[in-house]
Structures are given as C-alpha cells and as structure tokens.
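The values are calculated or read from the model by the stated rules, or taken from the named source; none is laboratory data. Source: prediction; values computed, not measured. Note that we place each Cβ from the backbone using ideal geometry, even for glycine, and neighbour counts take in every protein chain shown. Side chains included, ligands, DNA and RNA excluded: accessible areas come from the protein's heavy atoms. Shrake-Rupley method; radii C 1.70, N 1.55, O 1.52, S 1.80 Å.
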There are 2 protein chains.
Amino acid sequence: MKVFVVGSNGQVGQHLISLLSQSQEHTVKAMVRKQEQAVAYQALGVETVIADLEGTVEELAQAAKGSDAIIFTAGSGGKTGYDKTLLIDLDGAVKTIEAAEKAGIERFIMVSALQAQHRENWHDAIKPYYVAKHYADKILELSNLNYTIIRPGGLLNESGTGKITVAENIMSGSIPREDVASVVIAALNEEHTFRRSFDLISGEEHITTALKQI
Amino acid sequence: MKVFVVGSNGQVGQHLISLLSQSQEHTVKAMVRKQEQAVAYQALGVETVIADLEGTVEELAQAAKGSDAIIFTAGSGGKTGYDKTLLIDLDGAVKTIEAAEKAGIERFIMVSALQAQHRENWHDAIKPYYVAKHYADKILELSNLNYTIIRPGGLLNESGTGKITVAENIMSGSIPREDVASVVIAALNEEHTFRRSFDLISGEEHITTALKQI
C-alpha cells in the first residue's frame, strides 16, 4: 500500500514514517507543513508533500492523490490554544476525511485518544481536546470510508514492546508511541479492524494476534 | 406547544422568552444556569429550570422532559475562550440534541450562524467559532429529530421589522435579534421548515410568507 501520513512531523508520525520507510509491504508519502520539514525527510529518502490542514479540502485531496490509505495522526498540541484545537484536531481531521472521499482513497486510520467515545471519562484538564477528537471520530464513523479508529492511552516515549491490549472499552493505561505506530501499520491490511474503533494500551498480546481478536 | 429554551439568558433568548410568554399558541420553560437568573424570570411569571450545558445528557433530558419542542440558542460568547466554544457551542449543543432524543422531544430548532455550512465563507477572526457551529449543525442534520437550523446574519440590537429574507445560501447581511426570535417562533409549527436549514437576514417579506416559500 502507498500510505499518506498526515501529521508526519509529530511524535507518533515520526515513528510511522520510520517504520513505513523500512517496510517491505508499504511505501509512504509524508505530508508536512513546512519546507524545512520536507527537506529533512527528503534527505532520508522519504517522499514528501507540503500541505496545510488549515488549507482547503481540494489542496489536501491533491496532496493525498494516488495513495491507497491515509493515516491521520496530526494534532495542534499543547502549546497552541483551543482555537487551533478546533481548526486542526477537529476541522483539519474532517477536511482530511473529505479529501479522502474526494481523492477516492477508501482506507483511513485515525489516531484518536483513549475514551474519546465516552464523555463521562474525559479528564477535566483537557476536556475541550476530547470534544474535538470525539466529533472528528464521529464524523469518520458516519462516513462511507473503510475506517479504523485507534484510541491509545497515555503516550510514552519509551521503546516499543510489541505487546498490547486492545478492546472497545479500556478505562485507563498507557503505551509507547512506537507501539502505537506499529499497531497503526499492522491495522492497515487487517480486516478485523475495518470499520472498527477501539482503545489501545500496553499489554501481553503480540500486536498481530491482538488485532485478530478484537 | 410547550417550548423549552436553552440559552434563555442570552440576547436572542431573552426575546424568545418575552415573545413566547405573550403567545396564545405556546407556553415556555426557560433553562437557565444560575439561581439568580431563575428568580428574575420567575418574578415575571416564567417557568424556569436550572441546568448546565456542561452537565450530563441525563440532566438536560430531565430538565427538558414534558416539552414539545426545544430551541437551542445558547453560546459561550466572546468573553470566554475557545475552550468554552468546544464545551458549550459544540458539545453542549450535541448534548441537548441527545437529551431531546432521550426525552422523546422531536421538534428541535437550532440558532446557528450565517454560512456556517460553508467553510470557505468563514470570517478569519472567528473561524474556530464557525467550526463549532458547523459540526453541531451537522450532527443535528444526521439525527432523526425534526430539526430546523436557522442561520442568521450579523445580529443587531435594533427593534424588529418583521420583514426578512430566507434562503439556503445568502452571502451576507444582518438582522435584529428580535426578528430572529420571531422567525424561530414562527418556524415551530411551519412544516416548510421541517428538516431544513437556511440562512436568514432582514428583507422585504413578512416572516410567515417568507417561511412558506423556502
């Protein structure tokens, strides 16, 4: 599969680009926002395209064209205000969904957040962030795309273990970013994950086994 | 009809409560957030209930129970941050939609914003606000409720004229808040507005005539 990654310069995104670049099965196109980010990836031999989630659906569709799958792992992050949460995490995500429809790219994997599906479990301190993730996920579930929504727990910078727990409803937990990236890639062709949404934390099962059992 | 108003203490909301209190056809229940707001309305003989859009769907359903229609005209306003835009204008609106479903109240009128349906026409300065309105409207359109989404232009504090222009797509314009309230009330039983969304500005047609022609 040719995989288009939105949020390539983020922390999960960097693991995704690295793993996809080494993959025998997939090729990757990294969407980045800035020229210097493009130059850095190109120096590593990674195909890049410059586009902005605050741009138009048409621009995003042009950037994604020719890919077989889209991974959305972008986020405005904690350093900008909730204006950017609305513009990037919510509207940017939905524009990417609309771009996928426009470009005829059926497979779409969304990196969301643990318990984004259940309002009553949102942490007070970042409740508005969950609102944005919740509705982006909801719009994707109501689309005709072949989606997988992966909702990881607290993201760690430790090395991946390759072992996870996945289920439709996990109350709490954490997971290394590297493992999140591995799960996303393993899900690309795993039919058990098609049109499914699930929580993800570190656990005892190997990734491929775990994804076959949800 | 018994009409439940969410956002009763807002500027459009106050016109709604005033007009509905004088109506021969309807009765009103005003949802307010604070005790002092409840006391003020009760002194005018208006039935009130205290509930909070940051509360649960269950609480909102309890507050609305026994009503025949819900009008949503709440907004966090310009004085709070975009965190409240996410929590009130988007999630609060959708919680009210879910409360309507839960309480079996089919008729739902949303006061939105001119051109909230078209990203390319959002004013830069308040783009994140449009994002919130856009997705609240979208979720309502995807619901099974008998909705009307009314998207007024720039809101004025002048007296109403009773004359309007309505259409699915109006590029710009303004309208007194009092006229917005009159249109919302006229729409309650007007079948031409059922499961429809439209822009609204001041114009040349009487409200009842205009609503019959969209």
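The distance between label points at A:Glu191 and B:Glu101 comes to 3.0 nm (points 7 Å beyond Cα on the Cα→Cβ vector). Placing unit charges on the Cβ atoms of the charged side chains and taking the dipole of the range A:64-206 about its Cα centre, the candidate lying farthest along the positive direction among A:Leu200, A:Gly162, A:Ile149 is A:Ile149. At the nearest 100 Å², what buried accessible area, both sides summed, do you get for B and A when the probe is 1.4 Å? Chains B and A together bury roughly 1800 Å² of accessible area.
Note on A:Lys65: lysines with a C-alpha under 26 Å away, same-chain residues under 8 apart excluded, are A:Lys2, A:Lys29, A:Lys34, A:Lys84, A:Lys95, A:Lys102, A:Lys133, A:Lys138. DSSP bridge analysis restricted to the protein assembly as shown gives an antiparallel fraction near 15%, rounded to the nearest 5. Plainly put, the range A:76-142 has a radius of gyration that is 0.99 times its Kirkwood radius, both from alpha-carbon atoms, as the Rg/Rh ratio. Largest first, the three principal axis extents of the alpha carbons in the range A:87-214 are 38, 36, 23 Å in whole numbers. Here, the range B:1-110 has an Rg and a Dmax of 12.9, 40 Å when only alpha carbons are counted.
Only protein atoms count toward the accessible area here, which uses a 1.4 Å probe; on the protein assembly as shown, the carbon and sulfur part of that area reaches 48 percent.
Calculated accessible area for the range B:48-117 comes out at 34 Å² per residue, all protein chains present (probe 1.4 Å; ligands, DNA, RNA ignored). Sorted largest first, the spans of the alpha carbon positions of chain B along the three principal axes are 39, 39, 33 Å.
Based on the Kirkwood approach, the hydrodynamic radius assigned to the protein assembly as shown is 23.0 Å, with every pair of different Cα atoms included.
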